[in-house]
Amino acid sequence: MAKIRPAAVTPRYACSESAEIHFSTGATNVTYQQHKTGREERASVLGKHDGFRGCTIWFTGLSGAGKTTIAFAVEKLLTQMGIPCCGLDGDNVRHGLCKNLGFSKEERSENIRSETEIIDTESEGHGVDRCVATVIEFLHKKGIIPDKAMRQLSGPPLRELFVESAEERKTLLEEAKNMPKIELGPVEVQWLQVLSEGWATPLPGFMRERQYLQALHFGQLLDLKKKTVFPGEKDDGAEDPWPMDEPVNQSIPIVLPITDEQKENLCKGEEVSPRVALTRNGAVLAILCDGEIYAHRREERVARQFAFSDPRHPTVEQILSSGPWCLGGDLKVLERVTFDDGLNDFRKTPSELRRIFEEK
């Protein structure tokens, strides 16, 4: 249970061994601070995340600095994330345990003067939302908030597939000269853009058979394991390292169809070439690694996607006329995909859009 304690910097009372402590008759200028989180909300999140996360967060600052506001906002947000917590406010304590303690007139006057100075010097400081975000980030770094809960708050991380290093990009371009190549059509180039910019997170590239079947049968990605296991077969356990806490909606297959001739060029016996260069008009756009070739199941695909298979529908006709095989694997995209339509400046990636929204 995390306890959030807003408190003042300056001790209310100081004493020495020879000092005599005098208690006031009680605080008459203290207002009870109403919690934003109720008992039912706290009870509903108990046991949601495994592990011990006990800690105390102690906010310090002068009166009126916003300790209570921030503390109760953090308490509300932690509860929504499934982290049991309780805000312990100093004013509320003086209504109960310390109700016989108060402030002298001189102390109160000095407190108000200090508050005015803080408001004047910190008027350009962070707002409550930024302060709350700072506390949440700190708790995540310390392991108090688990990764799963943090992703619930901020949304899943984006999986961009671009090669970041200029040196690696140069090396891959040189090595691509000796790789088998697949020329991408207009639709496949658009899917490459979707994958590379993170729109299809958590996919690491064009779907393997396992993810393809999950999309067809369940409309979801259930995992990122690489091998399709049928009854009687052994699962080798190979899995993509990207974290998946729960299924992800994915009803549209993102696949790379290939022809019989292309399949023969990519295979050496039963082994698929470990790396394949994907090109557009002869220029290398990406490298597909650890490839897998599997049956396209075109008729099943259109039946499950459209509930009919009439080729007069343009997309149905496009799928039925594409290659009988699919090539799946991990992508290393060498450059951002652009189009000759004058609209590239308006095509923002998910990460660019997030930055724009944060600035707003």
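The values are calculated or read from the model by the stated rules, or taken from the named source; none is laboratory data. Here the structure is a predicted model, which is why all the values come from computation and not from measurement. FYI the Cβ positions are ideal-geometry reconstructions off the backbone, even for glycines, and counts take in every protein chain you see.
Among the residues of region 98-105, not a single one is at pLDDT 85 or above, aromatic (Phe, Trp, Tyr) and in contact with a helix residue (DSSP H, G or I) (Cβ under 8 Å, 6 or more places away or on another chain).
Quick one: is VAL255 farther than 28 Å from ARG151 by Cα and surrounded by 11 or more Cβ atoms within 10 Å (Cβ to Cβ)? For VAL255, the condition - farther than 28 Å from ARG151 by Cα and surrounded by 11 or more Cβ atoms within 10 Å (Cβ to Cβ) - is not met.
Applying the set (1) surrounded by fewer than 14 Cβ atoms within 10 Å (Cβ to Cβ); (2) out of contact with any His (no Cβ under 6 Å at 6 or more places or on another chain) to PRO324 leaves exactly one unmet item: (2). Just checking, how many residues over region 37-81 are in a loop (DSSP other than H, G, I, E, B), farther than 23 Å from PRO146 by Cβ and either at pLDDT below 75 or not assigned by the TED database to the domain that holds VAL135 (or both)? Total meeting the criteria: 1. The single condition among (1) more than 19 Å from PRO350 (Cα to Cα); (2) touching a Phe, Trp or Tyr at 6+ places or on another chain (Cβ under 6 Å) that SER165 does not meet is (2). Residues in region 174-183 that are surrounded by fewer than 16 Cβ atoms within 10 Å (Cβ to Cβ) and part of a helix (DSSP H, G or I): GLU174, GLU175, LYS177, ASN178.
Do the conditions hold for LEU256, that is, is it aliphatic (A, V, I, L, M) and under 24 Å from LEU285 (Cβ atoms)? So LEU256 passes the test. Contact map, region 181-209: first residue closer than 15 Å to GLU160 by Cα, second residue hydroxyl-bearing (Ser, Thr, Tyr), Cβ cut-off under 9 Å, separation 6 or more or different chains; pairs are GLN193/THR338; SER196/THR349; GLU197/THR349; GLU197/SER351; GLY198/THR349; GLY198/SER351; TRP199/THR349.
Inspect region 264-272 for any residue being within 20 Å of ALA200 (Cβ to Cβ) and either in contact (Cβ under 8 Å) with a residue 60 or more places away in the chain or touching a Lys or Arg at 6+ places or on another chain (Cβ under 6 Å) (or both) and give the result as yes or no. Among the residues of region 264-272, not one is within 20 Å of ALA200 (Cβ to Cβ) and either in contact (Cβ under 8 Å) with a residue 60 or more places away in the chain or touching a Lys or Arg at 6+ places or on another chain (Cβ under 6 Å) (or both), which makes the answer no.
The residues on offer are GLU233, GLU188, and the sole one that is assigned to a helix (DSSP H, G or I) and in the same structural domain as PRO257 (by the TED database) is GLU188.
Of the candidates PRO350, PRO311, the single residue that is surrounded by fewer than 14 Cβ atoms within 10 Å (Cβ to Cβ), in the same structural domain as PRO180 (by the TED database) and of a type outside the set (Lys, Arg) is PRO311.
Listed here are the residues, each with its yes/no results for (1) of a type in the set (Lys, Arg); (2) crowded, with 18+ Cβ neighbours inside 10 Å.
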position: ARG210; (1), (2): yes, yes
position: GLY232; (1), (2): no, no
position: GLU239; (1), (2): no, no
position: VAL272; (1), (2): no, yes
position: ASN281; (1), (2): no, no
position: LEU288; (1), (2): no, yes
position: GLU292; (1), (2): no, yes
position: ARG298; (1), (2): yes, yes
